[in-house]
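No value in this document is a laboratory result; all are computed from the given coordinates. Just so it is clear, the structure is predicted and the values come from calculations on it, not from any experiment. All Cβ positions, glycine included, derive from the backbone under ideal geometry; neighbour counts span all protein chains shown.
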Amino acid sequence: MKSTGRQIALLVMMVILVASAPQTAYAITTQEKLDQAKQEKAATESALQQTKENIQGMEGERDSLQGQLSILNGDLEEVSENLSKLEERIEDKRQEITDTEAELAEAEETIDWQYECMKKRIKFIYERNDAVYLEMLFTSEGFGDFLNKSQYIEQIAEYDQKMLKKYQETRAMIEETKTKLEAQEKELGELREETKAEQSRVSGLVKNTANHIAGYADQISQAENVALAYEAKVKEQEANIAALQKQLAEEIAMSKLAAQSARRDISEVTFAEGDRELLAQLIYCEAGAEPYAGKLAVGAVVINRLLSSVYPDTMVGVIYQNKQFSPVGSGRLALALAEGRATQACYQAADEAMSGVTNVGNCVYFRTPIPGLTGISIGGHIFY
């Protein structure tokens, strides 16, 4: 996720750097502006495409996480259901233990009662020295009755022993059952704790996955905003390119028209005060780093426009004509005028051009070389 954010940031920076690249010291013609605009549009489209690919990648990650989240929610539901069932089983087991304890208490009471009854009978027999039993035997009506009474006495003793043993066995069985139930309750309790731990783990995974999905949603939203900005930039650049193409066509038409139109002779021109300074400073801005021939050629272009009937007929009108010389629009000419930056060579070139000297014929445009452009090559410029 972080790398995706860095890619977007780098793409944005790249477009900004391309769009805000500083102007060169030489003249930027309409063709150069058009080429630069196309390059900027290509860079913006590349950044837009990369952003869209990043969005698709993030959407894929988000969808994958949503699938995982669905599975985790199912696991969490199953674990919670198991935990609920365990709670019910533990509650049932506790009830069984409670019931068993009641049965055990009842059995112990019965044993105690039986034991007390035996003690009373034994005490009664001991105190009476077996007189009762002897009396019962001696008062028998015949031998058969004697045997019956004798068997009855034995049966009473056997019954007492039998019942005592039975209740003792019952109590042992109940105690064993209670022990087993308590062990089962303990096992269920341990299983419950394990299930709670699993529930907590899955719940944590659900939360983390949901947070990741939310994070991707934020990044996708930001990337979509960047993409919208790129799309708006592309439309703006397309409009700029169309305008520059129109302007270039107009300039070519103007160049052809100027070649076919009437021209004044330099002797017919009256220069105003300050024209020499204005032209020298423009030459400095457009060709300050060029050889002298390049400086003279720039001055000649200005004078050729001034002499042509399709351009303004004053030095100020030609130089400050809308969108013709980039130093005017950028403010570099104003700064050069304020600081007097023109060199002696620039003044010399201005003087020669204003006297009618030209080394570029009747050319009215110049720019840096581009494929397919023909003209007079001087220094770093093509004059046409």
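Straight-distance candidates among the lysines for linking to LYS186, with alpha-carbon spacing under 28 Å and chain neighbours fewer than 8 residues away dropped: LYS85, LYS93, LYS178, LYS196.
Ranking ASP112, ASP160 by Cβ neighbours within 10 Å, fewest first, what do you get? Can you show the working numbers first?
Values: ASP112 11, ASP160 16.
With the sparsest Cβ surroundings first, the list reads ASP112, ASP160.
Taking other C-beta atoms within 10 angstrom as a stand-in for reagent exposure, LYS41, LYS120 fall in the order LYS120, LYS41, fewest first.
Pairs exceeding 28 Å between alpha-carbon atoms, taken from LYS33/LYS233; LYS295/LYS323; LYS41/LYS246; LYS207/LYS233: LYS207/LYS233. Taking every alpha-carbon pair under 8 Å whose residues sit at least 6 apart, the range 227-372 reaches a relative contact order of 32 percent. In order along the range 58-72, the phi-based Karplus estimate (6.51 cos²θ - 1.76 cosθ + 1.60, θ = phi - 60°) of 3J(HN,Hα) comes to 5, 5, x, 4, 4, 4, 4, 5, 5, x, 4, 5, 4, 5, 4 Hz; Gly and Pro are listed as x. Relative protection proxy for 274-284, 89-99, 226-236, from highest mean packing down: 274-284, 226-236, 89-99 (other beta-carbon atoms within 10 angstrom).
Can you give the local net charge around LEU279? Use residues other than it whose beta-carbon is closer than 13 angstrom to its beta-carbon, Lys and Arg +1, Asp and Glu -1. Let's see the in-between values first.
Values: positive: ARG276, LYS295, ARG305; negative: GLU273, ASP275, GLU277, GLU286, ASP351, GLU352.
That works out to -3.
Based on every Cα atom in the range 261-383, Rg and the maximum pairwise Cα distance Dmax equal 13.4, 41 Å.
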